[in-house]
Amino acid sequence: INKSFAKFIVEDKNAIRFGLLAVKNVGQGAIDSIVEARNKNSEFKNFFEFCERLDLRLANRKVMDSLIKCGALDTFGLYRSQLMSMLDECLEKASGLQKERSRGQLSFFDSALTVTDNGFKNSSSSEPPQIKEWPENQILAFEKDILGFYVSGHPLSRYKHLLRIFSACAISQLKEKHDGAEVSLIGLIKKAKYTATRSKNEKMAILRVEDLENEIDALVFPRAFRISSQFIIPNNVVWLKAKLSLKEEEPKLIVNSILPIEQLFSLVTTININLAGLKEDIFESIKEKLLSHPGEVPVYLHISTPLKKQVKILVGNQLFVSPNETLIKELDEFLGQERISVVI
């Protein structure tokens, strides 16, 4: 908010500054008020001062809401959840101050009051609420809604290690498969449209699902809808088991089942660890990691013999595990990618 103008500008050879006109609900009038106030009295120091210096008839609550959600006000050093919680009080105080000023009712002492780093006018005002930041998926969903794309990251980024293990292929690779192929993938439910069949008026859904690079439509017909409807929530990361349809120009998924990613590990029946080419001194470290997640799922070690034969060894049942995201991530980071696989 202290740097951007209405249009995108080249800041240096490695950066483009985002234009405020591309922020949803932020119009030219609000931007003019922001730039004028910034040019007149330098950069904004905190949230209250920002509200107090703008023409609130132009930069109204809807404008402020969008600026908070897209991250334009992160420079004030507060969580977006805190800014949103403070918004109504800040607008009310700023509006009252502006009305007093317009009537010439501010005394010398009132006008001399300074705002604090917390974003309020004086020490008698409320402090910013001590609340946690919004969950990452909510932050990213707001960014996508307000800006049209993710800025802070992608909701699936933290699941990269699981995408590789549980997704049979990326959405971009589906065209390479045959019509009717059984596929499984992890994706984000971008949109969900509820409808009904013409013949029996049974409930079904049409989903728009995305992975890290592409999107696809997924049809959830009545049978699958009955068993999976509770998991059809926009911005949820889920695992889809589906049949691929290539009958139209764009591929589609005919969904058989949907599971939240948290429940995916309950389906794992076997974990395979490929140790081919690695030194023997890693066995003790692997043992420690398996012991820290005890359970009933068997683990197979795949190793190479001196004669370059592949051997599969079942670990002792004391090293059987309870599959979970932490275990998979630990093994992935320790051994390197492409060495962990699961059987469902």
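The values are calculated or read from the model by the stated rules, or taken from the named source; none is laboratory data. Keep in mind the model is a prediction, meaning the values are calculated, not measured. For neighbour counting, all protein chains shown are included, and Cβ atoms are generated from backbone atoms with ideal geometry for every residue, glycine included. All accessible areas refer to the heavy atoms of the entire protein, side chains included, with ligands and DNA or RNA removed. Shrake-Rupley method; radii C 1.70, N 1.55, O 1.52, S 1.80 Å.
Can you tell me how much longer the chain between Ile254 and Lys177 gets when fully stretched, taken as 0.36 nm per residue apart minus their C-alpha distance, in nm with one decimal?
Separation in residues times 0.36 nm, less the Cα-Cα distance, equals 26.3 nm.
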Qualifying aspartates and glutamates (Cα of each under 17 Å from Cα of Lys40; at least 8 residues distant if same chain): Asp32, Glu49, Glu52, Asp55
Cross-link list Lys243/Lys289; Lys160/Lys252; Lys24/Lys45; Lys3/Lys69; Lys190/Lys241; Lys24/Lys193: which exceed 29 angstrom alpha carbon to alpha carbon? Lys243/Lys289
Percentage of interatomic Cα-Cα distances in the chain larger than 26 Å: 64 percent
Taking the chain and counting helices only, DSSP H stretches of n ≥ 4 at -39,500 (n - 2.57) each over all residues, the nearest-500 ellipticity at 222 nm comes to -9000 deg cm²/dmol
Once you order the gyration tensor axes a ≥ b ≥ c over the Cα atoms, which shape class does the range 128-282 get: rounded for a/c under 1.5, otherwise prolate or oblate by comparing a/b with b/c? oblate
Cα coordinate range in the range 218-344, projected on the principal axes (Å, largest first): 52, 31, 22
Sequence gap at least 6, Cα distance under 8 Å: using those rules, report the relative contact order of the chain to the nearest whole percent. 10 percent
May I ask for the net charge around Asn214, where only other residues with Cβ less than 12 Å from the Cβ of Asn214 are counted and Lys, Arg are +1 while Asp, Glu are -1? -3
With every protein chain left in place, what is the accessible area per residue of the range 1-98 in square angstrom, probe 1.4 Å? 49 Å²
Taking all protein chains in place and a 1.4 Å probe, what share, in percent, of the accessible surface of the chain do carbon and sulfur account for? 50 percent
Given contacts defined as C-alpha pairs under 8 Å and at least six residues apart, what's the relative contact order of the range 261-318, whole-number percent? 36 percent
Could you work out the relative contact order of the range 186-344, using alpha carbon pairs under 8 angstrom and six or more residues apart, expressed as a whole percent? 17 percent
